[in-house]
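So the structure is just underneath, and the comments pick up after that.
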Amino acid sequence: MLGIVRQKMLERSSKKIRPAVSMLRSYSSAAKQMTVREALNSALHEEMSADSKVFLIGEEVGEYQGAYKITKGLLDKYGPDRVLDTPITEAGFTGIAVGAAYYGLKPVVEFMTFNFSMQAIDHIINSAAKSNYMSAGKISVPIVFRGPNGAAAGVGAQHSQCYAAWYAACPGLKVLTPYNSEDARGLLKAAIRDPDPVVFLENELLYGESFPTSDEVLDSSFCLPIGKAKIERKGKHVTIAAYSKMVGYSLQAAEILEKDGIDAEVINLRSIRPLDRSTINDSVRKTNRLVTVEEAFPQHGVGAEICACVVEESFAYLDAPVERIAGADVPMPYAANLERMALPQVGDIVRAAKRACYRSVP
Amino acid sequence: MSTAAMFGAQPFPLNPISTTSHDIPLVFSKHTCQFLGLTWSSKFNLSRRSGTVVSVSDEKMSKSAPVLVITKEEGLELYEDMVLGRTFENMCHQMFSLRKIFGFVHHYNGQEAVSTGFIKLLKQQDSVVSTYRDHVHALSKGVPSRAVMSELFGKITGCCRGRGGSMHMFSRDHNLLGGFAYMGEGIPVATGAAFTSKYKRSGLRSCCLGVFWGWGLQQCALL
């Protein structure tokens, strides 16, 4: 009921010209502002208190309160048996966590960034993702791999890659990409409760961003379904599908496009694997134009997969070629100006949407 | 082929007895510095040096005429390198505080003797594989300090044209093979570079020095 009221208010409010995205979110006076960091922290607190089999393992998760303070307060509350600080050996502690999951526990493994998960990728793919299938369903691996993913600021090539497409290619894994606090809380809770391995890709630059959260979201039983995208902004001229930080950029782009008379529909994918093909296709069948936005490398990316699924299911509905916005096809450069050019900016999304609407020459 | 591990605590002769049959004994020419490798400009006449180097403790025990580990001029060269490293890192810290350098910066203050002591033993064709804490390794290996600082500022005049940044210093000319962000990442890489030397059976013995510590060992233990 609250959801329907919220949608109608969003539709009404989206018709007005707005100078900033934050105005779009101030629809409920009861909404509490919560940062993504607080949302993740509260989700971990609640899931750990609800189920004693849940434990945390990773570098700096305990004494240091988390490299990005996501696990603040958990060591004090649950003790060193359930919040394990590890040495710097991703392959080691990931393997240990997977073994624990085989035997019935529910580990939440933190990678300081997902770039370091490459040290442990054998365990994520071969030990965790494939085990349920290889054992004909006998071994379940209720593990969550979480941590910041994608580019930060000036951290160079080896600290800036987005791994959504890599992990989403693997059957046996679920891949989630929260954007705001509601996503962070709901999806992390769902991930911890899920009986299968889940790769939970956060974003370092979103940790400090604050979003309004309703009482429903703050409730300890709140959970979002895995595999369902959310339409953040309804529109009728072009669909913009994005995940993680790019959802924020897409919403900003939609505001700019509105001034030019283009009403963009913004989809927050939330779940990269399983991909919500039906929401994406329903939206494209309505708007007939699609722009995909991601921060990652373009080849074999999430945008490529979305384009393929739309071509497979809704080809006759497309009025224009699918526009794909992605990061530049280079390792992330260090220099600030090059880094800016290597990542999608709001202007790139605006231009792509205009191209899709044939409002500009490419 | 020698590795850094061979130069342990015991006094080492500069023409070490090889323990493997594949090694070609190192031959220093008369005018080559017997302590410092060719990564620095050898402008001193070293012909008056004695052949064997002994450690300081041995010198104290022997009570014979003291044999210097290094000459005063060599000492000044080493000192200059260490002071350069320290001054450079202090400036980095200042620039980082002023937000002119961004991202990750890992300082090498206090460890200059390690960089100078090991890298100044090497020759031009020897390679160094470093970690994210690589500014001073680059300096000791001979990469101009201007190029390293420009790299930290993300300028095109940097040693990697602004693409690498603090943690990824590379130089083909000086055989600096990086600059790696992950713990222990460079260990197999350094081993591979040393393998190339052995594979090529080059007339000149060459050496690859992999620099790592602490946590890097743990990562490698599992690999």
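Nothing in this text is a laboratory measurement; each read-out follows from the coordinates by a stated rule. Quick caveat: nothing in here was measured; it's all calculated off a predicted structure. Glycine gets a Cβ as well: all are built from the backbone with ideal geometry, and neighbour counts include every protein chain shown.
Normalising by the residue count of the stretch A:102-243, find the relative contact order in percent from Cα pairs under 8 Å and 6+ residues apart.
Worked out over the stretch A:102-243, it gives 25 percent.
Please find the FRET efficiency linking residue B:90 to residue B:155, where r is the Cβ-Cβ separation and R0 is fixed at 25 Å, and quote it to the nearest 0.05.
Using R0 = 25 Å, I get an efficiency of 0.80.
Among the trypsin sites (Lys or Arg not before Pro) within the stretch B:103-185, which fall in a DSSP loop and have no more than 10 other Cβ atoms within 10 Å of their own Cβ?
Taking the stretch B:103-185 and a limit of 10 other Cβ atoms within 10 Å, the loop trypsin sites (Lys or Arg not before Pro) found are B:172.
Got a sec? How would B:168, B:106, A:237 order by Cβ neighbour count within 10 Å, fewest to most?
Lowest count first: B:106, A:237, B:168.
Calculated from DSSP H runs of 4 or more alone, at -39500 (n - 2.57) each and per residue, what is the 222 nm mean residue ellipticity of chain A, nearest 500?
Theoretical 222 nm ellipticity from helices: -10500 deg cm²/dmol.
Could you tally the net charge around residue A:317, taking each other residue with its Cβ under 15 Å from the Cβ of residue A:317, Lys/Arg +1 and Asp/Glu -1?
Neighbourhood net charge equals 0.
I need the semi-axes of the equivalent ellipsoid of the stretch A:209-362: take the C-alpha gyration tensor, multiply each eigenvalue by 5, square-root it, list largest first in whole angstrom.
In descending order, the three semi-axes are 23, 21, 17 Å.
Would you list A:290, A:205, A:224, B:76 from fewest to most Cβ contacts within 10 Å?
Least to most surrounded, the residues fall as B:76, A:205, A:224, A:290.
Taking the Cβ of residue A:222 as the center, what net charge do the other residues with Cβ under 12 Å away carry, scoring Lys and Arg +1 and Asp and Glu -1?
-4
Under the 0.36 nm per residue contour assumption, what length would be gained going from the current alpha-carbon distance of residue A:215 and residue A:312 to full extension?
30.9 nm
Return the long-range amide H neighbours of residue A:272 (sequence gap of 5 or more, or a different chain), with a cut-off of under 5 Å between placed amide H atoms.
Under 5 Å from the amide H of residue A:272: A:175, A:176, A:177.
Express the relative contact order of chain A as a whole percentage, based on alpha carbon pairs under 8 Å and six or more residues apart in sequence.
After rounding, I find 15 percent.
Take A:289, A:340 and order them by how many other Cβ atoms sit within 10 Å, fewest up front.
Result, fewest neighbours first: A:340, A:289.
Once chain A is represented by equal point scatterers at the alpha-carbon sites, with solvent omitted, what log10 I(q)/I(0) does the Debye formula produce at q = 0.07, 0.10 Å⁻¹?
The Cα Debye sum returns log10 ratios of -0.29, -0.61.
Find which of A:115, A:296, A:66 sits farthest along the positive direction of the dipole of chain A, computed with +1 on the beta-carbon of Lys and Arg, -1 on that of Asp and Glu, about the Cα centre.
Looking along the dipole axis, the top candidate is A:296.
Which three extents, in whole angstrom, do the alpha-carbon atoms of the stretch A:284-353 cover along their principal axes, largest first?
Principal axes ranked by extent give 44, 23, 12 Å for the Cα atoms.
Evaluate the charge dipole of the stretch A:262-329 about its Cα centre and quote only its size in Debye, nearest 20, assuming +1 on the Cβ of each Lys and Arg and -1 on the Cβ of each Asp and Glu.
Taking the Cα centre of the stretch A:262-329 as origin, the dipole is about 140 debye.
Calculate the tail of P(r) for the stretch A:100-205: the fraction of all Cα-Cα distances greater than 21 Å, expressed in %.
32
Can you give me the angle between helix A:245-259 and the longest principal axis of chain A, using Cα atoms only, in degrees from 0 to 90, rounded to the nearest 10?
Helix A:245-259 and the main axis of chain A meet at about 10 degrees.
At a temperature of 20 °C and a viscosity of 1.002 mPa s, determine how fast the stretch A:158-273 diffuses translationally according to Stokes-Einstein, using the Kirkwood radius over alpha-carbon pairs as Rh; express D in µm²/s, rounded to the nearest whole number.
Translational diffusion coefficient: 142 µm²/s.
Mind listing the long-range amide H neighbours of residue A:161? Cut-off is under 5 Å, sequence gap 5 or more, other chains count too, H placed in the peptide plane at 1.01 Å from N.
The answer is A:150.
Beyond 13 Å, what share of the Cα-Cα pairs of the stretch A:322-362 remains, rounded to the nearest whole percent?
Above the 13 Å cut-off, the stretch A:322-362 has 55 percent of its Cα pairs.
In degrees from 0 to 90, rounded to the nearest 10, what is the angle of the helix A:90-102 Cα long axis to the longest principal axis of chain A?
80
Could you go through the stretch B:156-171 in sequence order and give the Karplus-derived ³J(HN,Hα) for each residue, using 6.51 cos²θ - 1.76 cosθ + 1.60 with θ = phi - 60°, rounded to whole Hz, and x for Gly and Pro?
Rounded to whole hertz, the list is 5, 7, x, 5, 10, 6, x, 7, x, x, 4, 8, 10, 8, 10, 8.
Do you know the relative contact order of the stretch A:60-160, to the nearest whole percent, from alpha carbon pairs under 8 angstrom that are 6+ apart?
24
Between residue A:69 and residue B:199, how high is the FRET efficiency from 1/(1 + (r/R0)^6) when r is the Cβ-Cβ distance and R₀ = 41 Å? Nearest 0.05.
The pair residue A:69/residue B:199 has a calculated efficiency of 0.25.
Just list whichever of A:69/A:174; A:77/A:174; A:130/A:245; A:234/A:286; A:130/A:174 have alpha carbons separated by over 21 Å in the model shown.
Pairs exceeding the cut-off: A:69/A:174; A:77/A:174; A:130/A:245.
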